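Have a look at the structure below, then the notes.
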Amino acid sequence: KSPEKNKPTAASETLFDTPFDSSILTPEEATSKIEKHTGDIAISFEVDDEKLHRYCIALNRSESFIVHSSQMGAWATDTKVSKIAHDAKSVARNYPLTNISFDTNLAAYLLNPGTRSLDFTDIIERWGDGTLIDKSSPEATLHSHARLLFTLRDSLSKELKERELESLFNELEMPISELLAVMESRGI
């Protein structure tokens with residue numbers, strides 16, 4: 001095995017302008033940070049067997065933090081906090097999470113309905129800006145996912161608009177997704 005194989009490439013060293021914050025916040029500290037923030041937040045989740053293990057919240061493309069808990073805090077259901085996520089319904093059916101303004105999984109499906117499922121890596125390759133997911137650690141991957149959601153939202157939104165699917169996505173698909181999550185959490 002060559003030591004060069006494990007050495008980060010130049011591209012992976014410059015993925016994000018701001019390094020990832022290694023501190024772990026409590027749900028209460030996350031809520032406090034989010035209360036001071038204006039604008040959308042992006043959330044990536046680490047879920048094992050439908051149980052939320054931890055999550056990462058990005059306030060923008062260069063600032064994110066991890067919460068090592070299955071508890072989310074008041075921000076998760078606060079209608080004033082607009083959230084971007086990937087496959088939010090899979091988390092929202094088991095945990096209180098509302099007011100998802102943009103779901104990258106749902107948008108990608110609407111733009112490419114012939115594909116059974118697009119995972120996050122596929123979506124990044126197709127609608128990303130060339131920035132790769134940092135896989136140097138599970139935490140770096142979680143940070144990457146959260147920060148890249150802003151780029152994906154912008155790119156997917158642009159294509160939805162170009163293909164005249166924007167109102168279908170915003171007025172039908174997103175509200176139905178939230179309603180389905182509520183129904184599934186109640187066992188319907």
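The values are calculated or read from the model by the stated rules, or taken from the named source; none is laboratory data. Quick caveat: nothing in here was measured; it's all calculated off a predicted structure. Backbone-built Cβ (ideal geometry, glycine too); neighbour counts: all protein chains shown. With ligands, DNA and RNA removed, areas are computed over all heavy atoms of the protein, side chains included. Shrake-Rupley method; radii C 1.70, N 1.55, O 1.52, S 1.80 Å.
For L106, the solvent-accessible surface with a 1.4 Å probe is about 30 Å², rounded to the nearest 10.
With every protein chain in place and a 1.4 angstrom probe, the accessible-area ranking of K80, K161, largest first, reads K80, K161. By the gyration tensor of its Cα atoms, with a ≥ b ≥ c the square roots of the eigenvalues, what is the shape of the range 81-166: rounded for a/c under 1.5, prolate for a/b over b/c, or oblate? Because a/c hits 1.5 or more and a/b fails to exceed b/c, the range 81-166 counts as oblate.
Amide H contacts of T98 (H built 1.01 Å from N, in plane; Pro and chain starts excluded): T77 sit under 5 Å, all sequence-distant by 5 or more or on other chains. Can you give me the distance in nm between label points at S157 and E28, each placed 7 Å from the Cα along the Cα-to-Cβ direction? Simple spin-label model gives 3.4 nm for this pair.
With a/c under 1.5 counting as rounded, go ahead and sort the range 49-100 into rounded, prolate or oblate using the C-alpha gyration tensor (a ≥ b ≥ c being the square roots of the eigenvalues; past the cut-off, prolate if a/b is larger than b/c, else oblate). Could the numbers behind the result be given before it?
Details: a/c = 1.56, a/b = 1.17, b/c = 1.34.
It comes out oblate by the Cα gyration axes.
A cut-off of 5 Å between modelled amide H atoms, ignoring neighbours fewer than 5 places along the same chain, links V47 with H53. Compute the label zone of T79 within the range 86-115: residues whose backbone N is under 19 Å from the point 7 Å along Cα-to-Cβ. Flagged as within label range: 96-102.
The residues of the range 66-156 expose on average 43 square angstrom of accessible surface per residue, using a 1.4 Å probe on protein heavy atoms. Accessible surface for H37 stands near 50 Å², nearest 10, in the context of the full protein assembly shown (1.4 Å probe).
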